[in-house]
Amino acid sequence: MEKIAKHLLWIGILAALAIPAFAETRTISWSAVTTYTDGTPIEAGKTVSYSVYWTTDPGLASLHSIGTSIAETSTPFDPDVLGMIRGGTVYFTVKTVLSANEISALSPGYAWVVPPAPPTTRAPSAPKGGIIIRKK
Amino acid sequence: MERHTTMRMLLGGLAAVILLAGCGGGSGDEGGTSKVPGPAPSGPVSILSWSPPTTYNDNVSLDPERDLAYYEIFVRQDPNFTDDDLPVAEVAAVAGVPSPDGLTIARVLVTEFTLELLPSLPNGSQLYVSMRAVGIDKQKSAFMDPLPWDRS
């Protein structure tokens, strides 16, 4: 293991990209890793991918996976699907994996307060089976 | 069964109702214009009956006892109800009914309303009635299919 990819420079939560009817999708993004810890560039032939985790532990123990082998520098997630507690603080961390199976250390945790659930905007369906009965 | 029907009739006439005629069409919270229904009408009565919605408009399941707040009732001389129409009454979606021993209150879905309780109806012997369901978050359903109401 001659070189270890350096840890990520920063991780940031972007605004929600989409809020479909049944879920609240948010996106976590991070800066691309282009060098090893010693500053030398990662060779052009190597593929960089990322594994993303979250945890409620500020010490970054008990990690839950959000995604692995992610080639992009962002990935969507649904706080409810992942089991994040609304109003609680979670910590994101990412590690870099090179095609040669060289793996970085975890990035510093990025704290995020899970926002309250958005209010529903669903309207009920209309009442049905209406009838007027005349009674004497 | 007969007892059940009687209970539904009572609910139709005595469920918490906010009559909106003459208050400019605002909600019952505005201006303290809420009124208590008067004595039960004598003579023939017209009972509006309906089935509460059990889904949202995106087909997600809805619990009418938990998720519905009230219904808005509309009356027009034609069946062309629009979003600009003002409700003539608000009917609670759920009513409390005393148990036979009077010790507890059961929550029962309201599915009937006596139309003669409505004040200030449009002129004419042929009217049309519709309603909308309103969720606890104030989201309103589309109009129920209009029903002709022959008052002659």
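Rule-based calculations on the coordinates, nothing more; no lab input. The structure presented is a predicted model; accordingly, all values stated were derived computationally and were not measured. All Cβ positions, even for glycine, are placed from backbone atoms using ideal geometry, and neighbour counts span all protein chains on display.
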Discussion item. Would you confirm, using the coordinates I've provided, whether A:L60 is on the phi > 0 side of the Ramachandran plot and surrounded by 14 or more Cβ atoms within 10 Å (Cβ to Cβ)?
Written reply: yes
Practice prompt. Could you please let me know if B:S120 is out of contact with any Leu (no Cβ under 8 Å at 6 or more places or on another chain), within 13 Å of chain A (Cβ to nearest Cβ), more than 21 Å from B:N57 (Cα to Cα) and assigned to a loop (DSSP other than H, G, I, E, B)?
Written response: no
Item to complete: Can you work out which of the residues in the stretch B:123-152 that are more than 7 Å from chain A (Cβ to nearest Cβ) and hydroxyl-bearing (S, T, Y) is surrounded by the most Cβ atoms within 10 Å (Cβ to Cβ)?
Response: B:S130
Worksheet item: strands (runs of 3 or more DSSP E) wholly in the stretch A:72-136 with at least 2 residues that are farther than 30 Å from B:T111 by Cα - which ones?
Response: A:74-77, A:89-98, A:110-113
Fill in: Positions within the stretch A:95-132 being within 7 Å of another protein chain (Cβ to nearest Cβ), surrounded by 13 or more Cβ atoms within 10 Å (Cβ to Cβ) and among the β-branched types (V, I, T), in sequence order
A:T120, A:I132
Worksheet item: Given the conditions (1) closer than 23 Å to A:A126 by Cα; (2) among the aliphatic types (A, V, I, L, M); (3) more than 12 Å from the chain's Cα centre (by Cα), and given that B:A89 satisfies all but one, which numbered condition is not satisfied?
Response: (3)
